[in-house]
Amino acid sequence: MKLESHRFIRYFEPEQAAQISQIAIVKKFNPQEIIFEEGDVSDSLFLVLEGKVEISKKIKKSNHYVVITSVDGNGYFGEIGIIDRKPRSARVVAIQETILAQIYYDDMGEILSNTRGDVVLNILSILSQRLRTVTSEYVEQLVYKEKMTLIGEMVNTIIHDFRSPFTGIQLSSSMLKELHPDEESQEWCDLIQIQVERMLIMAEEVLAFSQGNTQVYCQKINITNLLQNFAKLNQVYIQSRQVELIISVTEDLIIDADENKINRVLQNLLVNAVEAIEKSGGKIEIQAKRKDKWAEITISDNGPGIPQVIQEKFFEAFVTHGKQGGIGLGTAIVKSIIDSHRGQISFESHPSGTTFYLHFPLASID
Ligand SMILES: Nc1ncnc2c1ncn2[C@@H]1O[C@H](COP(=O)(O)OP(=O)(O)O)[C@@H](O)[C@H]1O
Ligand SMILES: [Mg+2]
């Protein structure tokens with residue numbers, strides 16, 4: 001973009017705008033090039049004409065940086081020094097090829113002293129508004145990280161403490177299997193063992209999510225088998241909540257996927273659907289069919305729909321509504337699993353029900 005049309009220049013009246021354009025020094029920065037470091041002398045402000053920079057702050061006593069915000073075309077940074085002249089409080093790095101206009105504070109002094117008072121006041125108010133937004137973005141990120149760390153620590157403790165009672169349950173059900181060789185007892189005991197294992201896997205997955213670990217171990221999976229197993233695992237849960245679960249698959253579809261993780265996706269969506277349906281006559285339908293190059297799984301319920309206020313940020317972590325004890329991680333985990341399978345997820349929601357559409361790339365047949 002042209003320097004004259006930059007937002008910052010346009011805050012000024014034409015005469016001062018022209019003077020600022022004259023004293024600005026246009027420079028090009030390469031990707032990863034540092035524009036200034038935390039602690040450097042503050043002597044100038046920068047207007048971004050092309051490209052993008054990232055502003056980050058070093059975490060105390062470590063070599064890690066947290067990104068506070070990014071600034072791209074028509075944005076500016078380094079302006080706070082005009083007011084306090086304190087050393088730079090963050091580091092700025094170009095993350096793509098970037099063209100900046102650098103304006104030294106000393107050169108601006110005279111122009112500012114010739115600028116009308118109301119214009120200066122207006123500029124000051126714009127600058128402080130920006131400071132507020134950047135600060136609140138930073139605080140939000142910090143809170144998010146803190147919550148994630150806390151959840152990670154909690155789940156870690158749970159996994160650790162639950163291991164021994166889980167082993168106890170597993171052993172007891174093995175004993176019962178030996179004592180009761182009839183088919184029905186064998187089936188129930190198997191179910192106990194599978195469910196206990198699932199609990200551990202679930203906890204481990206929450207832990208992995210809180211640590212940002214999205215590794216998947218893919219195998220060829222037949223969606224018909226997957227959905228049948230899923231229905232079986234949830235038979236008792238569905239009955240206890242007095243809803244109906246209908247599964248229909250029109251043809252065999254094979255995808256490359258991590259079975260535990262896909263089960264996790266379906267489980268989170270199923271639990272949300274069950275929790276949303278308060279009235280009797282609740283019905284949840286899971287269907288699978290081929291759609292172009294995708295295997296499409298849809299999960300529909302006849303609940304009251306996703307509340308409008310959370311629809312925009314639906315897949316973000318800690319977004320929850322109208323639930324006692326809701327944490328708001330379920331759908332964030334779903335989204336991260338779908339992303340790590342290079343799939344897609346979307347939803348349609350009305351006051352008469354909600355449908356989620358999951359798309360997975362079909363496996364190549366070899
Ligand atoms: N099928 C659904 N029908 C209606 N509302 C839903 C449905 N699925 C999710 N929601 C809403 O989305 C919110 C976020 O879900 P989730 O991320 O699983 O977190 P949590 O279940 O812990 O609240 C829920 O609190 C609920 O208000
Ligand atoms: Mg949930």
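Coordinate-derived values only; no laboratory data. Note that the structure is a prediction, hence the values are computed from the model and not measured. Neighbour counts are summed over all protein chains in view; Cβ atoms, including those assigned to glycine, are modelled from backbone coordinates with ideal geometry.
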(message) What do you get for chymotrypsin sites (Phe, Trp or Tyr not before Pro) in the stretch 97-178 restricted to DSSP loop and a cutoff of at most 16 other Cβ within 10 Å of the site's Cβ?
(response) none
(request) Compute the relative contact order of the chain as a whole-number percentage, counting only Cα pairs closer than 8 Å that sit 6 or more residues apart in sequence. (result) 12 percent
(request) Would you calculate a helix-derived [θ] at 222 nm for the chain, using -39,500 (n - 2.57) for each DSSP H run of n ≥ 4 and dividing by the full residue count, to the nearest 500? (result) -15000 deg cm²/dmol
(request) Take each of the peptides 65-77, 307-319, average the number of other beta-carbon atoms within 10 Å over its residues, and list them starting from the highest. (result) 65-77, 307-319
(request) Express in nm, to one decimal, how much length is gained between Trp188 and Ile95 on full extension, taking 0.36 nm for each residue of separation and deducting their alpha carbon distance. (result) 27.8 nm
(request) Figure the gain on full extension for Glu33 and Gln195 (residue separation times 0.36 nm, minus the Cα-Cα span) and round it to one decimal in nm. (result) 53.1 nm
(request) Would you order Trp294, Trp188 from fewest to most other beta-carbon atoms within 10 Å of each residue's own beta-carbon? (result) Trp188, Trp294
(message) Test of understanding: extend the Cα→C-beta vector of Ile254 to 7 Å, then name every residue of the stretch 213-237 with backbone N under 13 Å from that spot.
(response) 219-224
(message) Once R0 is set to 22 Å, what does the formula 1/(1 + (r/R0)^6) return for the Cβ-Cβ distance between Thr320 and Ala231, expressed as a FRET efficiency to the nearest 0.05?
(response) 0.25
(request) For every other residue with a beta carbon closer than 12 angstrom to the beta carbon of Glu278, add +1 if it is Lys or Arg and -1 if Asp or Glu, then tell me the sum. (result) +1
(request) Divide the volume of the convex hull of the Cα atoms of the chain by its number of residues and quote the answer in cubic angstrom per residue. (result) 208 Å³
(request) Estimate the FRET efficiency between Asn114 and Arg7 by the formula 1/(1 + (r/R0)^6), using the beta-carbon distance for r and 25 Å for R0, to the nearest 0.05. (result) 0.75
(message) Report the gain in length on full extension from Glu50 to Thr224: 0.36 nm times residue separation, minus Cα-Cα distance, nm rounded to one decimal.
(response) 57.6 nm
(message) Charges on Cβ only, +1 for Lys and Arg, -1 for Asp and Glu, centred on the Cα centroid of the chain; of Leu179, Thr214, Ile254, which one is farthest towards the dipole's positive end?
(response) Thr214
(message) Order these by the 10 Å Cβ neighbour count, fewest first: His341, His160.
(response) His160, His341
(request) Scan the stretch 30-84 for trypsin sites (Lys or Arg not before Pro) in coil per DSSP, keeping those whose Cβ has at most 14 other Cβ atoms within 10 Å, and list them by number. (result) Lys60, Lys61
